[in-house]
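Here is the structure we will look at, set down as structure tokens.
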Amino acid sequence: MPSFFAAIPPAPADGILKLSVLSKADANPSKVDLGVGAYRTDDGQPWVLPVVQEAERRLASEPSANHEYLAVGGLPALTSGAQKLIFGADSPALAEGRVYTIQTISGTGANMVGAVFLKQFKPQRDAAIYISRPTWGNHRSLFQTAGHEVREYRYCNYESLDLDIDGMLADLRAAPPSQVVVLHACAHNPTGIDPTEAQWEAIADVMAERGHLPFFDCAYQGFATGDVDRDAFAIRLFAARGFELLVAESFAKNMGLYGERTGCLHVVVANAEQLPAVSSQLNRVSRATISTASAYGAKIAGTVLQDPALYREWLDNMQTMSARIKAMRAALRSRLEALHTPGDWSHVTSQIGMFSFTGLSTTQVAALRDQYHLYMTDDGRISVAGLNSHNVDYVARAIDAVVRAPPPAL
Ligand SMILES: Cc1ncc(COP(=O)(O)O)c(C=O)c1O
């Protein structure tokens, strides 16, 4: 019988998922997995935040607890708390009623609801989505799946491993007017390289000049520097300058709710009168794709965001995570420098957030995997959260060995 499906080619392999399969199959005791973007304790274990455990205890003891559907917009305790977290409690945009927030399936779902919404309502019918080169591995696929044309702007200077601000500004300036520009709010994935406050101002200048619409992806607020306000700097700057904008927010990393799929999409509009139409369209998109968002993670995050004592405890828990990651950056750099590993390793400590873009080549990454059971993405990105006091020496020695190794004969 002829098949409807016979002509379908296989999808390209997802680098991160492929890496995770390889790493799981490797039983060598020296194995170190620096591929997965998830926080690990110093013993290499997942961490359920103490504040999340407390919120779960409270939820479990509520006599009225149930598993009913949430409303289409999501759980108000989450969406209202998330708005304040992103824009600040004193945000003029919030006070003026110019923000709509819808609960989503974590950060990915927030990006997707925004992408589907923009496919129908973007500023110019033929506007493209501009993503940074490089960016989170899912951005291109996600926006293309929603039907957009995707283009890139320069972001990383691959020689010096810092921000190519001139290239970025030139590309944003050269783009046709009124395009959609995806910006990482903080802790850029995969590079860990963020613009300085002055560079954000310059980016905002060009975005305003060209009439581009900012679409912030905010997957690491508080996790990046340990300070939720500092990590929201760029979003609040653009909001204060009067931009309309979108923000995809994830609670996967900063609350450790990875699998609970907890997030929000925020949309800021110029005039409050536009909000009923915009919010109803966002609700329609979400209803058509997921009907209603997941309840359990939202109840946990909502409880934490609404209770002042739990909120303070959460800030402490985030400090614990970001401080351990910073300590591991310093440990890796100091070991590489002590070994006199060829190259400049200062970027390991200047980059922030979960990832470090090491500058290792694909050949070196493959050698680390095959000879040292050390797993990282092909672009040389490591999840610093996978380093700990037990493996950092080994990781530094392995990197030192492959950096010194003569290149393979052709
Ligand atoms: C930049 C960026 N955006 C979005 C996400 C989506 O995360 P999630 O869907 O787990 O919230 C991630 C996760 O790694 C990310 O790094």
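The values are calculated or read from the model by the stated rules, or taken from the named source; none is laboratory data. Everything numeric here is computed off the predicted structure, so don't read it as measured data. Virtual Cβ from ideal backbone geometry, glycine too; neighbours counted across all protein chains shown. Quick note on the areas: whole protein, heavy atoms, side chains included, nothing else; ligands and nucleic acids left out. Shrake-Rupley method; radii C 1.70, N 1.55, O 1.52, S 1.80 Å.
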If I filter segment 118-135 for residues that are closer than 26 Å to M318 by Cα and modelled with pLDDT of 95 or more, do I get at least one hit?
yes
When residues of segment 224-244 are limited to those that are of a type outside the set (G, A, S) and assigned to a loop (DSSP other than H, G, I, E, B), the one farthest from the ligand (Cβ to nearest atom)
R241
For residues that are open to solvent by less than 10 Å² (accessible area, probe 1.4 Å) and near the ligand (Cβ under 9 Å from one of its atoms), tally how many sit in segment 258-269.
2
Flagged in segment 147-159 as farther than 19 Å from G353 by Cα and either crowded, with 22+ Cβ neighbours inside 10 Å or in contact with a His (Cβ under 8 Å, 6 or more places away or on another chain) (or both), in numbering order, are V150, Y153
I need the full set of residues from segment 120-155 which are within 12 Å of the ligand (Cβ to nearest atom) and assigned to a loop (DSSP other than H, G, I, E, B), in order please.
P134, T135, W136, G137, N138
Could you list, in sequence order, the residues of segment 358-410 that are surrounded by fewer than 19 Cβ atoms within 10 Å (Cβ to Cβ) and of a type in the set (K, R)?
R397, R404
Going through (1) within 13 Å of the ligand (Cβ to nearest atom); (2) of a type in the set (G, A, S); (3) within 27 Å of A385 (Cα to Cα) one by one, A293 fails only at (3)
State whether the residues of segment 168-190 include one that is touching a Cys at 6+ places or on another chain (Cβ under 6 Å) and either surrounded by 20 or more Cβ atoms within 10 Å (Cβ to Cβ) or assigned by TED's automatic domain parsing to the domain that holds D227 (or both).
yes
When you go through Q199, Q221 one by one, which is the residue that is closer than 14 Å to F87 by Cα and either open to solvent by 20 Å² or more (accessible area, probe 1.4 Å) or within 16 Å of the ligand (Cβ to nearest atom) (or both)?
Q221
From (1) within 20 Å of the chain's Cα centre (by Cα); (2) within 30 Å of G74 (Cα to Cα), pick out the condition that doesn't hold for T349.
(2)
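Just to check your reading of the model, which residue among D194, D162 is outside the structural domain of V384 (by TED's automatic domain parsing), away from the ligand (no atom under 16 Å from the Cβ), closer than 26 Å to D378 by Cα and open to solvent by 10 Å² or more (accessible area, probe 1.4 Å)?
D162
Anything in segment 36-62 that is among the charged types (D, E, K, R) and within 16 Å of the ligand (Cβ to nearest atom)? List them, or say none. Even if it seems obvious, please write down each step before you answer.
Of the residues in segment 36-62, the ones among the charged types (D, E, K, R) are 40, 42-43, 54, 56-58, 62.
Hit for segment 36-62 is R40, nothing else.
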For the structure I just gave you, tell me whether F117 is under 20 Å from R287 (Cβ atoms), more than 16 Å from the ligand (Cβ to nearest atom) and under 21 Å from the mean Cα position of the chain (by Cα).
yes
Candidates A252, A248, filtered to the one that is open to solvent by less than 20 Å² (accessible area, probe 1.4 Å), part of a loop (DSSP other than H, G, I, E, B), modelled with pLDDT of 95 or more and not hydroxyl-bearing (S, T, Y)
A252
